[in-house]
Each structure stands twice: as C-alpha cells, then as structure tokens.
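The values are calculated or read from the model by the stated rules, or taken from the named source; none is laboratory data. Quantities reported herein were computed from a predicted structural model and do not represent experimental measurements. Methodologically, a virtual Cβ is constructed for each residue, glycine included, from the backbone with ideal geometry; neighbour enumeration extends over all protein chains shown. Surface areas here come from the heavy atoms of the whole protein model, side chains and all, with no ligands, DNA or RNA. Shrake-Rupley method; radii C 1.70, N 1.55, O 1.52, S 1.80 Å.
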Amino acid sequence: MQDKLRRSGHSALARLFISGFLALIFSLGAQAEMEVRASVDRQQLSMDETFTLILQANSIRFSDVPDISPLNQDFHVLNQQESSSTSIINGELSSSRKWTYTLAPKREGDLTIPALTMGKYQTRPLTVSVRPDLRATQRSNEQVFLESDITPRSGPVQAQLDYTVKIFTSVNFLDAALDPLEVENAVVESLGESRYSTQISGQDYQVIERRYAIFPQSSGELQIPALTLQARVEGYRRSMFDPGRQIYRRSQNHRVRIDPPAPAFSGQVWLPAKQLKLQEQWSQSPETVYVGDSLTRNITLRATGLLGSQLPALPEISLPGTKLYPDQAKIDKAVINGQLQGTRTESLAIIPTQAGELVLPEIRLPWWNTQTQKQEVAVLPERKIQVLASPDANIGKPTLENTIASPVQPLNNSAQTDANSPVRLSAGQQPYVLAALAISVLLNILLAARLLTKRTTTSATAVKLKETPSEAKQYKALSKALKQGDPAQWRPALIAWTQATFGRPLNLTELADKIPGTKASANAIESALYSKNTADATTQASALDSAIATWREQQKGSKKKTTQGLAELYPGQ
C-alpha cells in the first residue's frame with residue numbers, strides 16, 4: 001500500500017514539474033514579440049538551377065501553416081521540410097519554427113516571391129533574378145569554368161555589396177586553389193561556401209559557390225578584379241601514375257558605381273543598413289533598486305548589412321547620485337541566413353549612492369534603410385528607476401520621532417472653545433495635566449544631555465572600535481584575504497568584519513565614510529574591480545589593509561584614555 005502511495009506521489013510530482021516547465025517555456029515565449037521572415041540562399045540563378053526558400057517564425061508557439069499557394073505562379077515547389085528548435089543562452093530562452101522549400105523557376109527574368117501569409121502575419125516580398133542558360137552554348141565543351149556576379153550594380157558608400165563566384169566542374173579536382181578576393185578601397189568579408197550540383201546541356205556539373213560582402217569606403221567607381229583558379233584535374237586516361245592536368249581559369253571583373261551619403265540623411269554618423277535595432281538587457285529588474293545595489297545595463301546595437309566595427313559608440317550619460325563604471329564595448333559579426341549581421345554591445349555598471357529617481361534619457365540613432373532608400377530612426381525609450389534607501393541603513397538608529405515623547409493632547413477633543421478665551425480645567429483635571437507637563441520637561445532635559453554627551457564623544461573620533469574576540473578573529477581573516485590578492489575573498493571577509501565591528505555589514509563606499517584614510521583606496525578598488533583590472537585592485541587592497549590597521553591601533557589607544565560614560569545614543573556607529 002505504501003509503495004502504491006509513493007509511486008502515486010512521484011507521478012504527481014513529475015506531472016507537476018513537467019506542467020510547470022512547459023508553462024515557463026510558453027510564458028517566456030509569450031514575452032517576445034512574434035516575428036516572421038522569409039529568406040533565400042541566393043538571389044541569382046539560371047533556368048536549370050534550384051534555390052532554397054526559408055520561412056521562419058521566432059516562437060514554437062506559432063501554430064499556423066504558411067500559405068505558399070502564391071508561389072505556384074512563377075515557381076515549382078519541389079520539396080518542403082519543417083523543423084523547430086528551442087535554446088536557452090545566458091538565461092534567455094529562444095525558440096523558432098522553420099519551413100524550408102526547394103524551388104525551381106518557371107521562367108526567366110526578375111521573379112518576385114510575394115508576401116506570404118503566416119497566420120495573421122505576412123513576410124516581406126523577395127526578388128530573385130533568373131537568367132537564360134547561356135552556358136548551354138558558351139560552356140558546353142568546357143569541363144571547368146568560373147562565373148562571378150555582384151549586386152547591386154550601384155549603391156551608397158559603406159553599404160554592403162554581395163559578390164558571388166561559382167566554380168563549375170564536370171571532373172574531379174586533385175587539388176585546386178582560388179585567389180583571395182581583394183578590393184582596393186573596400187573591406188571584404190567572407191559569407192561562406194556552399195556546394196551543389198546542376199546540369200548544363202545534359203552534362204552534370206558540381207558547383208562550388210563562394211559568397212562575399214564588400215563594403216566600399218569611398219565614393220566613385222569600384223573595381224572588382226577577376227579571380228584566378230589554379231587546379232589539377234584528372235587526366236584523360238585515369239591511372240594511379242597520372243599526375244593529372246594543370247588548368248587555369250579566370251572569372252569576370254566588375255565595375256560598380258558607389259554614391260556618396262544620401263543628402264536627405266540628417267544623422268551624425270552615416271549608417272546604411274538593411275535593418276538596425278537598439279535593444280537593452282539588465283542584470284536585474286531595474287524597476288526598483290536600493291542605495292548601494294549594483295546593476296548592469298547592456299545596450300546592443302544590431303545591424304544587418306553592416307560590420308560591428310562600423311557601428312558608432314552610444315552617447316555617454318550623466319546620472320547624479322550614482323557611480324558609473326562603463327566596460328569596454330564588445331564588437332562582433334555573424335552570418336545569419338546568408339546575411340552579415342554586425343553587433344556592438346556596451347555595458348554600464350550603475351551603483352546608486354542616494355535615494356530618489358534616476359532618469360536614463362532616450363537614445364535615438366538615425367540610419368539609412370538601403371532597401372527603401374529612406375531614413376529611419378532606432379529608438380531606445382527613456383527609462384525611470386526608483387532608488388530606495390538601503391533597508392540596512394537605519395538598523396539600530398532610533399529616529400527623533402521615536403525618541404521624543406508625543407505632545408500632550410487635549411483631554412476633551414469634543415469641546416469647542418473660543419480662540420481668545422482661556423482654557424478652563426476642572427479641579428480633577430489639574431493634577432494630571434501638571435504631571436504630564438513635568439514628565440515632558442524631564443524627558444527633554446534628559447534628551448538634551450544625551451545629545452550633548454554624544455556630540456562630545458564623537459567629536460574626538462567618528463567611530464568606536466568594539467574590540468571583541470569575534471572582531472579580532474574577523475579582522476585577521478580580512479587582513480589575510482587582502483594580502484593574498486584574491487578578489488573573490490575580499491567581499492565576504494569585509495562583510496564578516498564590518499558585521500562584527502559595526503553591528504551590520506558595510507560595502508566599500510560605506511566603509512570609506514566610517515574609517516578615515518580609507519576613501520581613496522576603497523574607491524580605487526571598486527573602480528578597478530568593475531573595470532576588471534585585478535592587478536590595480538590588488539595594489540589598492542594592500543593600501544586598504546594598512547589604513548584599517550592604523551585605524552584599529554588609533555582606536556585602541558584612544559579607548560584607554562576614555563572614561564566610562566553614558567551608553568551611546570546610536571549604537572553601532
């Protein structure tokens with residue numbers, strides 16, 4: 001009976017866990033804005049070639065099936081596949097559903113893949129160029145030849161140009177080498193290589209296709225040089241002793257007109273891109289934070305059709321009442337669905353030093369859309385953060401309202417008296433009122449005496465050292481950690497010692513306010529740690545250890561000369 005109950009309990013827990021996990025996935029997926037997009041693996045092909053169309057939704061919660069019936073007007077749908085994926089990277093969940101179609105053109109010319117309906121969403125239209133198969137007459141007798149192309153034939157400076165070179169071979173390569181693509185006054189980035197087969201005049205060819213992104217750096221005419229292929233192929237008579245035949249082939253050269261930045265663009269930095277976005281992430285929720293908390297803001301500038309090195313630095317901000325520690329920008333690039341995407345991520349550590357409202361200003365970045373030939377603006381909205389006083393700030397500190405007795409209230413609130421007439425008390429009320437007044441006067445005298453004693457005591461030294469066995473032990477551990485130079489051990493050792501010394505844990509900023517002579521080294525350690533300069537932080541740790549040791553010796557000396565008096569009004573300071 002117990003085994004059945006145990007198995008039943010385990011089954012219930014398993015079902016609860018699975019349902020909770022699925023709920024988490026769907027709740028996280030629901031936070032992301034649903035997006036659909038279409039892409040192709042190449043935009044130029046001949047009548048005898050096929051290409052791949054990919055439709056993608058950025059969530060596995062997308063349950064609709066794409067309507068591809070508009071494709072039948074200009075394309076044959078030869079094959080289709082469906083897949084989905086889910087991943088969690090740096091705590092961020094992402095998922096997608098993807099449909100892959102193999103298409104063959106029905107006619108020559110510039111063919112449009114129309115906007116396709118995916119549920120209540122639509123993809124953007126795409127264009128592919130289908131050219132007549134001139135190779136059938138020009139290349140029918142060649143076993144190896146090259147073709148190259150570049151699009152667009154004109155464009156603005158610094159905007160991406162797509163260059164493609166194809167190697168066709170109907171024989172096996174024993175070895176081969178193709179010249180690297182080098183273009184004067186331009187930056188060249190490889191977009192990868194693909195291999196497939198095609199047929200020309202009944203002859204089968206293997207195709208090696210290499211794609212490049214070219215970023216012209218000046219306006220005028222850009223020249224794309226011809227590339228040379230050097231290869232050894234199988235001889236006419238196959239033999240293990242045959243060294244093969246050496247062949248040389250060259251691609252076409254190209255000329256492209258590069259225009260200066262568009263006159264209609266009003267931004268300070270020229271940014272021609274296919275798409276550009278500003279996104280932010282926080283190390284913790286920025287809605288409400290406390291004084292002394294550390295939170296990091298990561299802003300990512302992501303552009304399709306630009307390198308990460310082309311993206312500008314974001315404007316610096318000034319936040320009164322905080323300490324700011326910017327990190328070095330991270331610049332990256334990646335090829336996604338055949339498109340080059342550049343990113344620039346800037347991180348800023350923010351430590352509030354006083355309560356109030358922080359206002360992070362709006363960020364606006366104009367850019368030029370190379371697909372619509374219009375200016376657009378990427379916007380990161382203004383953000384407001386409420387900073388609350390640290391919950392530990394007032395521990396052991398009675399407020400003035402809690403210390404001073406409340407004023408005496410009239411005994412009869414309901415009686416209405418004239419403002420100019422004297423208050424008359426009955427014979428029974430007079431003793432109570434006199435007693436209350438005497439107690440109030442006595443309390444005020446005692447309070448004034450204690451405040452005067454506190455002021456006299458604290459004028460000699462800001463903080464008294466409570467030298468107890470616990471304090472001595474924790475100081476020894478703190479001094480050892482600072483001398484060993486291991487930053488990971490400093491914070492727990494500092495918290496333990498300040499808890500034993502002051503009655504509550506202190507951070508570096510608070511410690512600098514408590515102990516004279518530690519402000520410079522404490523601030524330098526905090527700055528060095530946030531900039532990941534461990535060597536500088538270790539040097540400053542030694543200075544901090546010396547300052548604390550000096551303060552302890554001074555406190556021990558002054559303690560011997562101090563006579564016993566009233567207990568401190570604010571213990572722990």
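Highest mean first, the peptides 170-180, 247-257 sorted by other C-beta atoms within 10 Å per residue fall in the order 247-257, 170-180. The H on the amide N of Thr322, modeled in the peptide plane, is under 5 Å from the matching H of Thr353, each at least 5 residues off or on a different chain.
Applying a threshold of 26 Å to the alpha-carbon distances of Lys330/Lys514; Lys330/Lys483; Lys274/Lys333; Lys98/Lys333; Lys514/Lys556; Lys106/Lys274 flags Lys330/Lys514; Lys330/Lys483; Lys106/Lys274 as lying beyond it.
As a fraction of the 1.4 Å probe accessible area of the stretch 290-354, surface on carbon and sulfur atoms comes out at 47 percent.
Summary of packing: across the peptides 77-86, 55-64, the per-residue average of other C-beta atoms within 10 Å ranks them, highest first, as 55-64, 77-86. Report note on the peptides 303-309, 293-299: ranked by the mean count of other C-beta atoms within 10 Å, highest first, their order is 303-309, 293-299. Only one residue of Thr345, Pro326, Ala355 has its Cα farthest out toward the positive end of the dipole of the stretch 258-373, where Lys and Arg carry +1 and Asp and Glu -1 on Cβ, and that residue is Thr345.
Remark: the stretch 244-289 carries 62 Å² of accessible area per residue (probe radius 1.4 Å; ligands, DNA and RNA excluded).
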